[in-house]
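Working notes for the structure below.
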Amino acid sequence: MSYNLLKGKRGIIFGALDANSIAWKTAERVHEEGGAFVLTNAPIAMRMGQINELAEKTGSQIIPADATSEEDLQNLVEKSMEILGGKLDFVLHSIGMSINVRKGKHYTDQNYDWTQKGTDVSAMSFHKVMKSLYHADAMNEWGSIVALTYMAAQRVFPDYNDMADNKAYLESIARSFGYFFGRDKKVRVNTISQSPTPTTAGQGVKGFDGFIAYAEKMSPLGNATALDCANYTVTLFSDLTKRVTLQNLYNDGGFSNMGVSDAVMEHFISE
Ligand SMILES: NC(=O)c1ccc[n+]([C@@H]2O[C@H](COP(=O)([O-])OP(=O)(O)OC[C@H]3O[C@@H](n4cnc5c(N)ncnc54)[C@H](O)[C@@H]3O)[C@@H](O)[C@H]2O)c1
């Protein structure tokens with residue numbers, strides 16, 4: 001169902017790789033709500049992904065950008081304003097990658113070159129995106145910037161590896177830069193902490209199937225899907241959440257406040 005919540009709004013959506021991507025679902029929902037946007041992803045992901053299909057479906061243009069490159073980001077911001085015909089109202093950062101996770105390197109035995117690359121892609125890129133937007137004065141007042149995160153920033157999930165540290169850094173950047181964006185430009189900056197979701201990035205985490213099944217059984221409302229995340233993001237891009245900023249917002253079916261559930265206890269009670 002569409003509520004026209006984003007009619008007349010313009011933005012940039014990072015990170016749509018395939019139809020499972022949270023950014024893909026978000027692009028579809030933003031389009032349905034009347035928003036116009038530029039799609040972007042790393043040049044390498046463009047070759048692997050199916051982003052052209054999404055662009056066609058949503059009437060969007062694509063600008064490749066490596067989110068670790070300030071030059072690419074500045075170009076992206078300038079070109080997006082040209083294409084969309086003005087300043088931006090929303091930006092979604094939906095980017096994550098850990099080489100240690102991908103190559104099965106244990107947290108206690110990290111390859112620090114990989115760690116640094118992962119931090120740059122997964123967390124510092126958010127600072128770089130906001131720096132490019134801020135210095136180009138590219139955001140309209142009451143605009144909204146959202147990045148996606150995971151609860152491993154607060155609690156221990158052993159197989160999430162160095163992504164846990166990257167997410168803690170990402171969330172901190174949202175608050176720190178969000179202060180300046182709020183004070184100087186009246187722009188909101190928030191992170192959404194999403195349930196485990198079956199996407200390319202999600203499934204890269206060791207034991208993901210067990211992980212997602214456990215979260216499902218722990219959460220009173222069950223795991224939030226990619227579509228649920230897209231819908232929540234739409235509300236944060238809309239004018240209905242104008243003074244929500246500097247927050248880490250859980251979209252997780254209640255998981256983050258659970259101790260244990262009946263469904264999980266059943267596994268441990270002997271008759
Ligand atoms: N899937 C989950 O379980 C889950 C849970 C909580 C949060 N998240 C977060 O959601 C976000 C989106 O991930 P997803 O699950 O949709 O997976 P995904 O694999 O579909 O998306 C990750 C995206 O990051 C992009 N990317 C990687 N390196 C990049 C670079 N250098 N420059 C630009 N883009 C780059 C990839 O091309 C891809 O499109 C990530 O921040 C992820 O950590 C995912």
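Summary of values
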{"read-out": "Flag for residue 186 being at pLDDT 95 or above, within 16 Å of the ligand (Cβ to nearest atom) and of a type in the set (Lys, Arg)", "value": "no"}
{"read-out": "Matching residues in segment 15-38 - criterion: being more than 10 Å from the ligand (Cβ to nearest atom) and either under 15 Å from the mean Cα position of the chain (by Cα) or not aliphatic (A, V, I, L, M) (or both)", "value": "27, 28, 29, 30, 31, 32, 33, 34, 35, 37"}
{"read-out": "Any chance residue 11 is of a type in the set (Gly, Ala, Ser), crowded, with 22+ Cβ neighbours inside 10 Å and more than 7 Å from the ligand (Cβ to nearest atom)", "value": "yes"}
{"read-out": "Hey, residue 253 modelled with pLDDT of 95 or more, within 18 Å of residue 154 (Cα to Cα) and assigned to a loop (DSSP other than H, G, I, E, B) or not", "value": "yes"}
{"read-out": "Enumeration of residues in segment 168-178 that are among the hydroxyl-bearing types (Ser, Thr, Tyr) and either in contact (Cβ under 8 Å) with a residue 24 or more places away in the chain or outside any helix (DSSP H, G or I) (or both)", "value": "169"}
{"read-out": "Residue in segment 157-167 that is near the ligand (Cβ under 10 Å from one of its atoms), in a helix (DSSP H, G or I), touching a residue at least 24 places away in the same chain (Cβ under 8 Å) and of a type in the set (Lys, Arg) present", "value": "yes"}
{"read-out": "Any helices (runs of 4 or more DSSP H) falling wholly within segment 1-92 and containing at least 1 residues that are of a type in the set (Val, Ile, Thr), under 24 Å from residue 131 (Cα atoms) and in contact (Cβ under 8 Å) with a residue 60 or more places away in the chain", "value": "22-32, 70-84"}
{"read-out": "Number of positions in segment 213-247 that are touching a helix residue (DSSP H, G or I) at 6+ places or on another chain (Cβ under 8 Å), part of a helix (DSSP H, G or I) and hydrophobic (A, V, I, L, M, F, W, C)", "value": "8"}
{"read-out": "Count of residues meeting criterion [near the ligand (Cβ under 7 Å from one of its atoms) and aliphatic (A, V, I, L, M)] in segment 189-204", "value": "1"}
{"read-out": "Of residues in segment 99-110 being touching a Lys or Arg at 6+ places or on another chain (Cβ under 9 Å) and not in a loop (DSSP other than H, G, I, E, B), the one surrounded by the fewest Cβ atoms within 10 Å (Cβ to Cβ)", "value": "99"}
{"read-out": "Filter result for the condition that a residue is within 27 Å of residue 203 (Cβ to Cβ) and touching a Pro at 6+ places or on another chain (Cβ under 7 Å), over 151, 46, 124, 97", "value": "46"}
{"read-out": "All positions within segment 65-98 that are crowded, with 17+ Cβ neighbours inside 10 Å, of a type outside the set (Asp, Glu) and under 16 Å from residue 27 (Cβ atoms)", "value": "65, 76, 80, 84, 88, 90, 91, 92, 93, 94, 95"}
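The values are calculated or read from the model by the stated rules, or taken from the named source; none is laboratory data. Treat the numbers as computed from the prediction; the structure is a model and nothing was measured. Reconstructed Cβ throughout: ideal geometry from the backbone, glycine too, with neighbour counts over all protein chains shown.
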